[in-house]
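Reviewing the structure listed below.
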Amino acid sequence: MSRTILRGRVLSFERAPDGIDDVGSYLYLEDGAVSIEDGVITAVGDFAAAIKADAVVIDHRPNLIMAGFIDMHLHYVQSQMMASYAGSLLEWLNTYTFVEEQKFAQQGHADAVAVDFYDALIRHGTTTAVAYCSSHPRSVDAFFAEAQRRNMLMVGGKVMMDRNAPEDLLDTAQSSYDDTKALIARWHKRGRGLYAISPRFAITSTPEQMEMAQALVAEHGDCHVQTHLSENDAEITYSMELYPDAPDYTGIYESYGLLTERTLLGHSIHLNHRETAAIANAGAVAVFCPTSNLFLGSGLFDRDRMLKHGVRVGLATDIGAGTSFSMLKTIDEAYKVLQLRGQRFNPLASFHLATRGNAEALGLADTIGSVAPGRAADLIVLDARATPTMRMRMATVETLVEELFLLQTLGDDRAIAEVYVAGARAKSTLGGL
Ligand SMILES: [Zn+2]
């Protein structure tokens with residue numbers, strides 16, 4: 001059995017930081033050693049004290065070794081339609097998205113996009129993501145098969161959608177149930193794959209399909225559930241027209257038993273007090289997608305209000321309305337959204353959220369999200385001197401917090417010097433770099 005030691009500066013969060021001075025919230029080693037065997041971290045400590053016999057040492061100094069980023073919400077089937085010019089959500093969906101997703105009826109297309117999608121994730125340092133596939137089961141097969149080939153922990157599912165979209169994209173309530181069941185049997189807990197039951201959103205699901213989603217959630221309590229909630233004013237109005245008996249948008253999902261502690265609610269921007277309380281009581285997760293929210297002009301996520309009410313919060317790119325695969329850019333835009341809200345989002349909190357925070361929101365903190373014994377060796381190596389501009393600024397940086405803020409503000413995929421997936425080099429082994 002081979003053992004690898006990664007040498008470098010090690011940063012790992014142990015809990016959410018209370019503030020910018022909360023040094024107790026993380027482990028930091030100036031000259032650290034991360035020992036890896038069989039894809040799992042077996043020891044973390046000072047390099048001087050590490051047992052080096054029989055180990056291959058890879059020296060990443062002076063770079064920073066952290067847990068890989070986790071992206072809580074994206075659409076892999078929209079990878080080729082990022083940067084599509086539209087006014088707002090519903091126009092964007094109808095003009096580009098529903099056209100693009102029809103291509104995934106072709107297995108060859110799905111397979112090819114999956115390869116490019118995973119290459120993009122790795123280049124940007126994302127080692128786990130939660131994805132919507134298209135309504136076609138073969139898009140899910142392509143998604144999980146490629147994840148398995150790369151040994152990546154990925155969460156995803158087929159979108160259930162039986163109205164208000166082009167015919168070629170629609171399933172039926174019954175077929176969405178049957179297909180989801182079959183896909184769960186085929187992919188859930190196969191390798192590192194985890195299935196997410198995925199009713200797209202209220203507008204594209206009939207009440208009959210919502211009942212089917214409810215049955216699936218009841219029958220598969222260990223699957224995640226993902227949908228969209230309160231992204232845009234027109235979307236909210238339309239949803240309430242389609243479900244006139246619901247008290248509000250959240251109440252639609254609530255009435256079908258879709259609010260659980262495994263439920264990920266993309267966007268969750270425009271919520272009333274009752275909705276926030278319902279989400280908090282259910283233990284569901286509000287997923288903040290800043291680049292997407294700015295791009296479509298959807299609104300400004302209210303993080304402080306969520307935290308005050310006890311709502312669990314995740315962070316995501318929402319590709320393809322999101323404008324970058326980079327969680328560094330996502331953190332940067334989250335910071336700016338919260339600046340406009342008059343809210344502080346310090347660099348410790350943001351790097352915590354993109355790693356351990358998102359792992360906790362997925363209920364997977366025992367497996368991923370930190371650099372600690374027993375966790376998967378899904379790791380990234382961050383280079384804060386990756387570009388001339390970053391190098392220039394680094395000359396005046398004196399603290400770890402300053403370095404993190406520089407990385408999030410000026411960094412992108414170039415700052416990801418290496419990525420490890422289950423202990424194996426994943427970025428430097430990509431072709432075409
Ligand atoms: Zn989305």
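Connecting C-alpha atoms closer than 10 Å in a GNM of the chain, tell me which of Thr126, Thr263, Thr396 has the biggest fluctuation.
In the Gaussian network model the winner is Thr396.
Using a 7 Å offset from the Cα along the Cα-to-Cβ direction at both Arg274 and Glu208, what is the distance between the two label points in nm, to one decimal?
Placing both labels 7 Å along Cα→Cβ, they lie 2.9 nm apart.
Find the relative contact order for segment 206-277 and round it to a whole percent, using C-alpha pairs within less than 8 Å whose residues are 6+ positions apart.
44 percent
If we sort 244-250, 149-155, 6-12 on the protection proxy, mean other Cβ atoms within 10 Å, highest first, what's the order?
Final packing ranking: 6-12, 149-155, 244-250.
By average Cβ neighbour count within 10 Å, what is the ranking of 398-404, 264-270, 59-65 from highest down?
Per-residue mean Cβ counts within 10 Å order the peptides as 264-270, 59-65, 398-404.
Taking only protein heavy atoms and a 1.4 Å probe, what accessible area per residue, in Å², does the chain have with all protein chains in place? Mind showing how you got there, number by number?
Numbers: 15630 Å² over 433 residues.
Solvent-accessible surface per residue comes out at 36 Å².
Looking at Asn151, Tyr243, Ser324, which one has the Cα that reaches farthest to the positive end of the dipole of the chain (charges on Cβ: Lys, Arg +1; Asp, Glu -1)?
Asn151
Two decimals is fine: what's Rg over Rh for segment 320-433, C-alpha atoms, Kirkwood radius as Rh? Working shown, then result.
Values: Rg = 15.0 Å, Rh = 15.3 Å.
Result: Rg/Rh = 0.98.
Output the relative contact order of segment 222-376, whole-number percent, from Cα pairs under 8 angstrom with separation of 6+ residues.
Details: 248 pairs, mean separation 27.8, N = 155.
Taking the mean separation of contacting Cα pairs over the length of segment 222-376, I get 18 percent.
Carbon and sulfur: what percent of the chain's accessible surface (1.4 Å probe)?
51 percent
Whole number please: convex hull volume per residue, Cα atoms of segment 107-248, in Å³.
Here the figure is 120 Å³ per residue.
Past 27 Å, Cα to Cα: identify those pairs from Lys103/Lys181; Lys329/Lys427; Lys52/Lys427; Lys181/Lys329; Lys336/Lys427; Lys158/Lys189, in the order given.
Working: Lys103/Lys181 23 Å; Lys329/Lys427 19 Å; Lys52/Lys427 25 Å; Lys181/Lys329 36 Å; Lys336/Lys427 29 Å; Lys158/Lys189 16 Å.
Correct reply: Lys181/Lys329; Lys336/Lys427.
Using Cα pairs closer than 8 Å and at least 6 residues apart in sequence, work out the relative contact order for segment 1-153, in percent. Don't skip to the answer; put the middle values down first.
Details: 233 pairs, mean separation 33.2, N = 153.
Value for segment 1-153: 22 percent.
Along the charge dipole of segment 278-398, pointing to its positive end and built from +1/-1 on Cβ of Lys, Arg, Asp and Glu, which listed residue (Ala282, Val337, Ala376) has its Cα farthest out?
Farthest towards the positive end: Val337.
Give me the accessible area of Val115, 1.4 Å probe, in Å² rounded to the nearest 10.
Here the accessible area works out near 50 Å².
Treating the beta-carbon of each Lys and Arg as +1 and of each Asp and Glu as -1, no other charges, what is the dipole magnitude of the chain about its Cα centre, to the nearest 20 debye?
Details: 37 positive and 54 negative charges, 224 e Å.
Its charge dipole is roughly 1080 debye.
Lys/Arg Cβ at +1, Asp/Glu Cβ at -1, dipole of the chain taken about the Cα centre: which of Asn293, Ala359, Tyr85 is farthest positive-ward?
The Cα lying farthest towards the positive end belongs to Ala359.
Students often check this: by mean Cβ neighbours within 10 Å, which of 307-316, 284-293, 330-339 ranks highest, and how do the rest follow?
284-293, 330-339, 307-316
Evaluate E = 1/(1 + (r/R0)^6) for Glu91 and Ala55, where r is the Cβ-Cβ distance and R0 equals 56 Å; express this FRET efficiency to the nearest 0.05.
The computed FRET efficiency comes out at 0.50.
Could you tell me the ratio Rg/Rh of the chain? Both radii from Cα atoms, Rh via Kirkwood.
Radius of gyration over Kirkwood radius for the chain works out to 0.96.
What angle, in degrees between 0 and 90 and rounded to the nearest 10, separates the Cα long axis of helix 273-282 from the longest principal axis of the Cα atoms of the chain?
Value to nearest ten degrees: 60.
The values are calculated or read from the model by the stated rules, or taken from the named source; none is laboratory data. Predicted, not measured: the structure shown is a model, and the values here were computed from it. Cβ coordinates were reconstructed from backbone atoms using ideal geometry, including for glycine residues, and neighbour counts include every protein chain displayed. The protein model used for the area step is the full one, side chains on, heavy atoms only, and it has no ligands, DNA or RNA in it. Shrake-Rupley method; radii C 1.70, N 1.55, O 1.52, S 1.80 Å.
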